[in-house]
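Have a look at the structure below before the remarks.
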Amino acid sequence: MRQRDTPSVTKRSPRIRFEFVASQKQSTLGGLPALEALAQQFDLWQKIRALPGLDPRTRTSHGYSPELIVAQLIYCFCSGGASLADAERLNDEPLVRPLARVKKFADPTQLGQWLRQQSDTSIAALWNLNAEFVQWVIDRADPARWTYAGRAEAF
């Protein structure tokens, strides 16, 4: 079965104006703008774009870009999602699509296909990027925020 040709969908930096108002309703998505700001400060999306082998598409002008798929998964898991179906439900949230500046996120089938197409090399590259991010955070964080009794504490 031939995959349907769709134009390439790439994550872009958001242009959002925030207004803080009193609310009786809380959302697990409220921290995503801070997460996006942190990712931009680290230049995460450009670093993901540059990772070798992360984009298995033969036609990069079609489909979802690796940085958008990674952003969708990060947004999902950092807001309490636990599955690829939860990642698709981000399409129903009015804050999240404008945050990535996309009309629609990938569905679970597309996410699963992208995950299955990753190689040992691309997975190792993601692990290295993860280590680089952790070190970047540690270098900027006040040691009292991540140590206990003078020893580094991580989970």
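Annotations for the structure displayed:
- Modelled FRET efficiency - R0 25 Å, GLN40 with GLU153, Cβ distances, 0.05 increments: 0.40
- Segment 60-135 and segment 35-58 have Cα centres spaced 10 Å apart.
- Bins of 10 Å from zero: percent of alpha-carbon pairs in the chain: 9, 35, 35, 17, 4, 0
- Only the Cβ atoms of Lys and Arg (+1) and of Asp and Glu (-1) were treated as charged; on that basis the dipole of the chain about its Cα centre amounts to roughly 540 debye.
- Most fluctuating residue given options GLN46, GLN118, GLN135, as computed from a GNM of the chain linking Cα atoms under 10 Å: GLN135
- Within segment 76-155, the trypsin sites (Lys or Arg not before Pro) that combine a DSSP coil assignment with at most 10 other C-beta atoms in a 10 angstrom radius are LYS103.
- Given charges at beta-carbon only (K, R positive; D, E negative), |dipole| of segment 30-119 in Debye: 300 debye
- Gaussian network model of the chain, springs between alpha carbon atoms under 10 Å - residue of ASP142, ASP43, ASP86 with greatest fluctuation: ASP142
- Rounded percent of accessible protein surface that carbon and sulfur make up, segment 30-119, 1.4 Å probe: 55 percent
- Prolate/oblate/rounded call for segment 30-119, Cα gyration tensor, a/c under 1.5 rounded: oblate
- Rounded to whole numbers, the Karplus 3J(HN,Hα) couplings from phi for segment 140-150 are 9, 7, 5, x, 5, 7, 10, 10, 9, 6, x Hz, using 6.51 cos²θ - 1.76 cosθ + 1.60 with θ = phi - 60°, and x at Gly and Pro.
- Each other residue within a Cβ distance under 14 Å of ASP92 adds +1 if Lys or Arg and -1 if Asp or Glu, for a net charge of 0.
- Residues with amide H under 5 Å from that of GLY63, placed H, sequence gap 5 or more: THR6, SER8, VAL9
- The THR121 and ARG97 beta-carbon pair, evaluated with R₀ = 30 Å, returns a calculated FRET efficiency of approximately 0.45.
- Solvent-accessible surface of segment 21-155, averaged per residue with a 1.4 angstrom probe and all protein chains in place: 63 square angstrom.
The values are calculated or read from the model by the stated rules, or taken from the named source; none is laboratory data. Model, not experiment: these values are computed from the prediction. Ideal geometry is used to build each Cβ from the backbone, glycine not excepted, and the neighbour counts take in all protein chains shown. Ligands, DNA and RNA are excluded from the accessible area calculation, which covers all protein heavy atoms including side chains. Shrake-Rupley method; radii C 1.70, N 1.55, O 1.52, S 1.80 Å.
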